[in-house]
């Protein structure tokens, strides 16, 4: 501890938050330094003209993802399925033939790895398809060897129970998705086998675990049970024994840092922080720092090391651009808050160009908009789902050549995050501002200190001051390098915990972000 304090003093930095030592596991975990990109394969890029996205289509776009700064991909379900979304699996050991062959998938995986991009896939543990051979056999007779692989009763207790050929089966998400029975050790053994297949035989880097809080029920308690946590601890041991570098991120719908904390450590590596997503979108939409400050306060309280995944929207929610009513300035603010905050960020495909979409689900999973050409460059055939009407105005090709576009903004932000460890794994302290339209934060690692200032509003702001957390920076003069934004001078004066030159910039432009690297002179 004394050595750590001495090192900090030598650097001229004393953080007000918990610092993560360089020898800490969280610093060594590759996912802490990754920016993920969520892809719905069906909608990303069609390589053969049949109107359905495929693995070869993703392979053709890996250079684009690399240029964006993406270092991790999450693929929504890729197993065979009777539905378009794939969350009801028919076979855990093969890929959806509409997306290509296993060789196509392995080629995509190899090409991603060549570019330093890791790949995780959706693992649907909670249930199978009602058309899965196991359930078809289980439903055929009470004497089926697979009968106890699912949950059955003789008479229906009520919600989530559905009539089979003989008896009633439990299915939390609907009759076509019967829940697996993890009280049966044979089911666990089978899923362990599935995980080993994808890690060892195929070579993926991890899993996004769908609906993880619903695995095992305890009487009337349907979610977040002690039995589920106990099962996940054994699951954690199994996949880490197979490959210690395996990454798992869980979907615990609605969880904030407190909920995520209950599933991490000895169960999953991370859980999506829905509270953080709500705080970011709330501040971007409303132009007030209340939402993001509250989310960060709770995150620091429950998970100060930032061991959670962050996002703006996903395949189950209205797209963030629609939430923000198509306002590009607000979308840039949301991107800034996401990519300068703690946690592992996930970007939903098309978010970086401002794709819009509101439920039903098909409308938030529309084909990617690559260009203003026919079918937005997604396919040469008839797309599985009609494209959004705005693809000629909102697309990758046009935004790539526009330095002021949302895509260019994302690219710059991700580059800055990738280049600066303080933005990835450093501590965070909220900076007090006298104007609610201004968000301020200090990110600190052993090597650098970064000050973030965001004007959350549509108006220029010149009536604000910033006060730093107690003892976060010693009094003195600091050299400033502007990583993002303009108009900042080359030095800051800190006195009594306040930026002594009143405010670091005379005026904050509307919807502007300033990322400042500060070092002691």
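The numbers here are math on the coordinates, done by the rules we state, and not lab data. Since the structure is predicted, the reported quantities are computational estimates derived from the model, not experimental observations. We place every Cβ from the backbone using ideal geometry, glycine too, and count neighbours over all the protein chains shown.
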Calculated from DSSP H runs of 4 or more alone, at -39500 (n - 2.57) each and per residue, what is the 222 nm mean residue ellipticity of the chain, nearest 500? -8500 deg cm²/dmol
Taking Cα centroids, how far is the range 73-133 from the range 312-385 in Å? 21 Å
Arrange 313, 166 by Cβ neighbour counts within 10 Å, fewest through most, would you? 166, 313
Order of 269, 374 - criterion: other Cβ atoms within 10 Å of each residue's Cβ, fewest first: 374, 269
Sort the following peptides by mean Cβ neighbour count (other Cβ atoms within 10 Å, averaged over residues), highest first: 252-265, 40-53. 40-53, 252-265
Taking the Cα-to-Cβ direction at residue 229 and at residue 266 and moving 7 Å from each Cα, how far apart do the two end points lie in nm? 1.1 nm
Linear extension gain, residue 93 paired with residue 159, 0.36 nm per residue minus alpha-carbon span: 20.6 nm
At R0 = 30 Å, how high is the FRET efficiency between residue 362 and residue 136 if r is their beta carbon distance? Nearest 0.05 is fine. 0.65
Looking at the chain, send over the antiparallel percent of its DSSP beta bridges, to the nearest 5. 60 percent
Between residue 148 and residue 83, Cβ-based FRET efficiency (R0 35 Å, step 0.05) works out to 0.85
Grab the beta carbon distance between residue 402 and residue 462, set R0 = 25 Å, and tell me the FRET efficiency rounded to 0.05. 0.30
Between residue 258 and residue 202, what length in nm is gained on full extension when 0.36 nm per residue of separation is reduced by their alpha carbon distance? 16.7 nm
